[in-house]
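Shown next, in structure tokens, is the structure this report addresses.
The values are calculated or read from the model by the stated rules, or taken from the named source; none is laboratory data. These numbers come from a predicted model, not from an experiment. Every residue, glycine among them, receives a Cβ derived from its backbone with ideal geometry; neighbour counts consider all protein chains shown.
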Amino acid sequence: MSFIRQNTRGLIAFAALLFCSEAFACIGKVIPDQDLGKYSEIFQGEVSGVYLPDYESLRLQEIKNADGRMRFSDIPPSYSVRIIVTKTYAGRPKPLMKLETGGCGVRIPAPTTKGIFFIDKVTGNVIPIYESETSLYANIINKLENSRQ
């Protein structure tokens with residue numbers, strides 16, 4: 001009997017798990033729209049703090065279970081970040097902003113990391129572009145500076 005016939009149920013269950021997984025909802029890094037008018041605020045800033053609620057919850061559950069097993073989720077972690085605003089391109093951000101962000105393709109920054117932050121007018125979603133994304137960061141800075149002239 002072939003492997004497939006012997007393991008049909010297991011293969012079907014595995015395939016169903018894959019297609020139901022939220023990981024397939026992750027389509028990659030979100031890039032700011034060319035139409036900068038879609039954003040209520042656009043600013044440069046420096047990270048002064050990061051809070052990882054998803055990591056914290058998962059880690060506390062691991063400790064509570066005390067079985068030593070690591071559990072991983074295919075859902076990208078969310079996080080909140082505090083930003084010291086250093087330059088404004090659109091809107092009127094406060095000098096210190098607390099933003100909720102994360103998800104597919106969004107790196108968790110370290111304190112003192114510089115970035116550009118776009119706040120969507122309709123949804124309030126944040127699109128962060130950090131300096132570690134060297135060419136994208138430089139291209140966006142150039143575009144923003146040129147749009148000011």
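Would you confirm whether or not region 96-103 contains a residue that is touching a strand residue (DSSP E or B) at 6+ places or on another chain (Cβ under 7 Å), without any contact (Cβ under 8 Å) to a residue 24 or more places away in the chain and surrounded by fewer than 16 Cβ atoms within 10 Å (Cβ to Cβ)? Checked region 96-103: at least one residue is touching a strand residue (DSSP E or B) at 6+ places or on another chain (Cβ under 7 Å), without any contact (Cβ under 8 Å) to a residue 24 or more places away in the chain and surrounded by fewer than 16 Cβ atoms within 10 Å (Cβ to Cβ). When region 23-58 is limited to residues that are closer than 14 Å to SER78 by Cβ and aromatic (Phe, Trp, Tyr), the one that is modelled with the lowest pLDDT turns out to be TYR55. Take ALA66 and tell me if it is at pLDDT 95 or above and among the small types (Gly, Ala, Ser). Against the criterion (at pLDDT 95 or above and among the small types (Gly, Ala, Ser)), ALA66 does not qualify.
From the list VAL122, VAL106, VAL126, which residue is out of contact with any Asp or Glu (no Cβ under 6 Å at 6 or more places or on another chain), in contact (Cβ under 8 Å) with a residue 12 or more places away in the chain and surrounded by fewer than 13 Cβ atoms within 10 Å (Cβ to Cβ)? Exactly one residue qualifies, and that residue is VAL122. Taking region 97-145 as the range and being of a type in the set (Lys, Arg) and touching a helix residue (DSSP H, G or I) at 6+ places or on another chain (Cβ under 7 Å) as the test, only LYS121 passes. Residue count for region 39-56 under the criterion of being within 16 Å of the chain's Cα centre (by Cα), farther than 17 Å from TYR130 by Cβ and in a strand (DSSP E or B): the result is 0. Selection of region 103-140 for residues being among the aliphatic types (A, V, I, L, M) and closer than 16 Å to LEU36 by Cβ yields ILE116, ILE119, VAL122, VAL126, ILE127, ILE129, LEU136, ILE140. Scan region 1-22 and give yes if some residue there is modelled with pLDDT of 85 or more and either closer than 30 Å to LYS121 by Cα or over 19 Å from the mean Cα position of the chain (by Cα) (or both), otherwise no. Within region 1-22 (the criterion being modelled with pLDDT of 85 or more and either closer than 30 Å to LYS121 by Cα or over 19 Å from the mean Cα position of the chain (by Cα) (or both)), the answer is no, since none of the residues qualifies.
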